[in-house]
Amino acid sequence: MTYQFEQIDHIQLAAPKGSEEEAREFFVGILGLVEVEKPDNLKKRGGVWFQFGSHQIHIGIEEPFSPAKKAHPAFHVRNVDGLKAHLKEKDYPFIEDDQLPGANRIYVYDPFGNRMEMLEWV
């Protein structure tokens, strides 16, 4: 084989025009990610980027906007129960799901309606 996939560099979620501050409130204020600066030549497109470890989530502006309600990224989270407690403390809704054997998982929707899976293998 002449190539191989190594890891995911970033994922992109769509958001409506003008929603950058709301994205910051959720991804930094609720989830605790770090905002990273977009390259100057991409700033004019709008949107905002966030990072955890070596991975990034790019929030891209899409017009017309339609949230991803089924397709979703799944994040491995150490201590999903701690995340649940944190979300409850922030009064941010999530959906518990016990349908995947061996996983403690929840679904969280960003402020734009995009579904994200948070799971921990137990």
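The values are calculated or read from the model by the stated rules, or taken from the named source; none is laboratory data. Computed from a predicted model, the values in this text were never measured in an experiment. Every residue, glycine among them, receives a Cβ derived from its backbone with ideal geometry; neighbour counts consider all protein chains shown.
Selection over the stretch 50-70 of residues that are hydrophobic (A, V, I, L, M, F, W, C) and more than 12 Å from the chain's Cα centre (by Cα) gives a count of 2.
Restricted to the stretch 27-50, and to residues that are more than 16 Å from Ile61 (Cα to Cα) and hydrophobic (A, V, I, L, M, F, W, C), which residue is surrounded by the most Cβ atoms within 10 Å (Cβ to Cβ)? Among residues in the stretch 27-50 that are more than 16 Å from Ile61 (Cα to Cα) and hydrophobic (A, V, I, L, M, F, W, C), the one surrounded by the most Cβ atoms within 10 Å (Cβ to Cβ) is Leu31.
Glu22: in a strand (DSSP E or B), surrounded by 13 or more Cβ atoms within 10 Å (Cβ to Cβ), of a type in the set (Asp, Glu) and touching a Phe, Trp or Tyr at 6+ places or on another chain (Cβ under 9 Å), yes or no? No, not satisfied. Looking for something among the acidic types (Asp, Glu), part of a helix (DSSP H, G or I) and at pLDDT 95 or above - is there at least one such residue anywhere in the stretch 73-81? Scanning the stretch 73-81, I find at least one residue that is among the acidic types (Asp, Glu), part of a helix (DSSP H, G or I) and at pLDDT 95 or above, so the answer is yes. State yes or no: is Gln12 among the polar types (S, T, N, Q) and at pLDDT below 95? For Gln12, the condition - among the polar types (S, T, N, Q) and at pLDDT below 95 - is not met.
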